[in-house]
Amino acid sequence: MLDFPPWKKWLTWATVIVGVLLAVPTLLSGTSIGPQLPAWMNKTKVNLGLDLAGGSYILLEAQTSDVRNQRLETMRDTILGEMRRAPRIAIGDISTRDGRISFMVRDVTQIDAVRERLLPLTAGAGLTGQRDWNIEVRDTTRVVMTPTEAGLAQATEQAMVDATEVVRRRVDELGTREPTIIRQGSNRIVVQVPGLQDPQALKELLGKTARLEFKLVDTAADPAQLARGQAPIGSQVLPYPSSGAPIAVKRSTIISGDQIADARQEYDPQTGAPIVGIRFNSEGGRRFARVTQENTGKPFAIIVDNSVISAPNINEQILGGAASISGGFTVESANQLAIALRSGKLPVDLTVIEESTISPELGADSIQSGVIAGVIGTLAIVVLMLFAYLRFGVYANIALVVNVLMILGVMALFNATLTLPGIAGFVLTIGAAVDANVLINERIREERRRGRSVNSAVEFGYKEATRAIFDANVTNAIAAVMMFVFGAGPVRGFAVVLIIGIVTSVFTAVTFTRLMVADWLKKRPRELVI
Amino acid sequence: MRPLKLVPDNTNIDFMSFRKIAAVISTVMVIASLALLVTRGLNFGIDFVGGQLVRVTFSQDVEIEQLRARVDALGVGEPTIQQFGSARDIAIRLPVPENETPASASQAAQKLRDTIEQAYPGARVGSVEAVSGKVSGELFEKGALALGLAMIAIAIYIWFRFEWQFGVGALLALAQDMIVVLGFFAATQLEFDLNTIAALLTIIGYSLNDKIVIFDRVRENLRKFRRMGIVEILNLSINETLSRTVMTSLSITMPLLVLVFFGPDVIFGFSLAMALGIIVGTWSSMFVGNGILIQFNVSPENFDRKAVTANANAERVAPRER
């Protein structure tokens, strides 16, 4: 047990050295030397959690029911378009109630033709080979299209992937450093921005769906009817915050945000007020030119997220594919809208359901007092161990320091994040490591008292104590794995440190000290003071 | 130089003669804790009940009543205002608004923050947290689930590795530790949040360590002294591991006490809970875990058929090298 073959000896030392070296970039990161390290070294570093480094954490939840409704709406529009195609098939009574689309086919003999046109609109979804819509004919003339669960799941998944991408673009636009954006579960997105102190702008930006639409104003609407919230057929009432009174607009969209190529905050050349300048792509430009030509002299509404921003008159045909939105903006709000428009529309609405912002000062306070406490505590242990076990205490202390460095090193290797509960994990691990050495050393003492020789006392001490150390660590590992799998947030941060710490502390407290002890025993000491 | 010995060699304290009184003390502690939990309840942090928490450091002393009036005027709910650390460090907590929409927690927190920054120039907002009721429910479920499953899995492992009596002993001892620490949180009304769950898990970890060390020695002695009664075996085992218990408790309590007195205010409750947990854990290893072994009258026979396999397992951990 105390006989280390050379390969084992070198392997142990190599592990110790590599583990300690991996911790170096982390330890230096707070000092002036940190930034001078080569980039590849700085990549293996322990990240500080937001509770220690300061910054903002935002948990967004998507309204996935939106996806269901949008799919219905889109499908209804597609069906209408398909049936209008020559030869035209007359349909009527189309509705999107109860989560499905249903309509009547006026001529019973055309039912099969309808079915043939609808079939290509559905596609396979998921792995089951199921289609994304079911088509059935009821009472010979009514066609009902029901979205399948598989289709819906696929659409939701796609919407979430797109939404995450849009969120990423918007956060990047704010110029914050090292943001983390992760999908969580089926309908959530986590945004973490280290150092960000006031998340208000970010929240507003992420809360904007940025669905831009240009629609014609319905000038025929009766003001009295409008005040009651009713609009003429084919129109809808929308709020118009800057004018105070709601406004009626035609339902059909002239042009939508999908046709935007770019959006920037600019200044109105005449008034100097902040505006948002947009450029359409070629298709959008052509369509805009046509519509403005046909409707010269009439007002149109610029609508963002179902709220009218402004409703200017079309004075002349607008060519060149550019337009501007004015409407009582400040520089910030114009800039925000521009970012939201050019980063694309969110496929689903996002709501902030959890938020936490920690100032760097508070984080730094936590680290500082944590470090002070850690240093004092470690010193206390080191002194106690030294006086209690002398030479063996020195070994235990070396192992303790190596253990701390190795935990940091392994965490750096996996780019793990250290949080406040993670520090608790550290305390527990250090405790367990010290306990292992106490167990071993007490056992050696005991064996010595029973009259064993130095060598055999040490050997038995390690052997007998290892059993208890093993059991204790396996139980803790089981607990740690449970916490990691089933826990959330801080509990996981704790579990990560614990799992790493269990491995490194067994290695340092048992294997590494045994190596040092074995080297000393080679000198054939006649007495062991312990 | 002679090594420092905190516990003299060959102690022979009759711990188990104290076990009836210890059982009474344990029962009283558990009942008192449960009563406290029922009557006062835990002061759940916003992680678990939702709401908003804003920590502010003011540039000068503030009138708490005036601050309360200002927050009240916002109409976002009844605030809880507490000092932490110095007199200028104030934590303001708001409950989840009644007609909660998913976003309202975050909006209310922003209102609160804006008001404070306007009314008290120079005040620094240390942290803002907002948790909606929906998320908080999930966080609580996950925390409780992790805690419960961890305890059960541990008991099963001990059952396999030792004997079922030891598993039951460990589980009951752990349950006592948890209940007493929870009772402490109910009594002091220290905030109970996700960080506290981490503290509880740490306590479980430490407390287990302690129990396994003693159980391991009990198992060893049961095999060694086949004719000794269980009470004598337990006494012997506790005495033999006593110096280890004292050394380890001391070396773990020291850094914890340092954390309590010099550590970040945010983890004050956390460190205090852990320090308490260690004391309770040591107590329960000695009297609860072992008490169960006496109740079940564990004897060497329990180990006879397992002796071979248990040894084989031990071999794997520490291979005998010539």
Practice prompt. Only residues in segment A:140-160 that are touching a residue at least 60 places away in the same chain (Cβ under 8 Å) count as the first member; pair them with residues that are of a type in the set (Phe, Trp, Tyr) and open to solvent by 10 Å² or more (accessible area, probe 1.4 Å), Cβ under 6 angstrom, at least 6 apart or cross-chain, and list the lot.
Written response: A:Met145/A:Trp133; A:Pro147/A:Trp133
Fill in: A:Leu405 being surrounded by 19 or more Cβ atoms within 10 Å (Cβ to Cβ) and in contact (Cβ under 8 Å) with a residue 60 or more places away in the chain
yes
Practice prompt. Could you please find all residues in segment A:188-217 being open to solvent by 20 Å² or more (accessible area, probe 1.4 Å) and under 11 Å from the mean Cα position of the chain (by Cα)?
Written response: A:Arg188, A:Gln192
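Residue check: is A:Ala224 modelled with pLDDT under 85, not in a loop (DSSP other than H, G, I, E, B) and not hydroxyl-bearing (Ser, Thr, Tyr)?
Yes, satisfied.
Can you pull out the helices (runs of 4 or more DSSP H) entirely within segment A:446-525 that have at least 1 residues that are open to solvent by 10 Å² or more (accessible area, probe 1.4 Å), among the aliphatic types (A, V, I, L, M) and free of Cβ contacts under 8 Å to residues at least 40 places away in the same chain?
Output list reads A:454-486, A:490-506.
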Discussion item. Just to be sure I understand, how many residues within segment A:346-384 are at pLDDT 90 or above and more than 7 Å from every other protein chain (Cβ to nearest Cβ)?
Written reply: 2
Item to complete: Could you pull out the residue among A:Val308, A:Val291 that is in a helix (DSSP H, G or I), in contact with a strand residue (DSSP E or B) (Cβ under 8 Å, 6 or more places away or on another chain) and β-branched (Val, Ile, Thr)?
Response: A:Val291
Fill in: Selected residue [among the hydroxyl-bearing types (Ser, Thr, Tyr), within 30 Å of B:Glu138 (Cα to Cα) and under 34 Å from the mean Cα position of the chain (by Cα)] from A:Ser333, A:Ser366
A:Ser366
Worksheet item: How many residues does segment A:341-363 contain that are more than 25 Å from A:Leu50 (Cβ to Cβ) and assigned to a helix (DSSP H, G or I)?
Response: 2
Worksheet item: Does any residue of segment A:82-96 turn out to be assigned to a strand (DSSP E or B), touching a residue at least 60 places away in the same chain (Cβ under 8 Å) and closer than 29 Å to A:Glu157 by Cβ?
Response: no
Discussion item. Quick check on B:Gly291: is it under 30 Å from B:Glu232 (Cα atoms) and within 12 Å of chain A (Cβ to nearest Cβ)?
Written reply: no
Response to the item:
Scanning segment B:210-267 for residues that are within 8 Å of another protein chain (Cβ to nearest Cβ) and more than 26 Å from the chain's Cα centre (by Cα) gives B:Glu220, B:Glu240
Worksheet item: Can you name the condition, by its number, that B:Leu256 falls short on among (1) open to solvent by 20 Å² or more (accessible area, probe 1.4 Å); (2) without any contact (Cβ under 8 Å) to a residue 24 or more places away in the chain?
Response: (1)
Discussion item. B:Glu163 - would you say it is farther than 21 Å from B:Phe48 by Cβ, touching a residue at least 24 places away in the same chain (Cβ under 8 Å) and crowded, with 21+ Cβ neighbours inside 10 Å?
Written reply: yes
Worksheet item: So A:Tyr240 fits all but one of (1) over 12 Å from A:Phe214 (Cβ atoms); (2) crowded, with 17+ Cβ neighbours inside 10 Å; (3) without any contact (Cβ under 8 Å) to a residue 60 or more places away in the chain; what number is the exception?
Response: (3)
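The values are calculated or read from the model by the stated rules, or taken from the named source; none is laboratory data. Note that the structure is predicted; figures quoted are calculated from it, not measured. Every residue, glycine among them, receives a Cβ derived from its backbone with ideal geometry; neighbour counts consider all protein chains shown. Side chains are part of the model used for accessible areas, which takes the heavy atoms of the whole protein and leaves out ligands, DNA and RNA. Shrake-Rupley method; radii C 1.70, N 1.55, O 1.52, S 1.80 Å.
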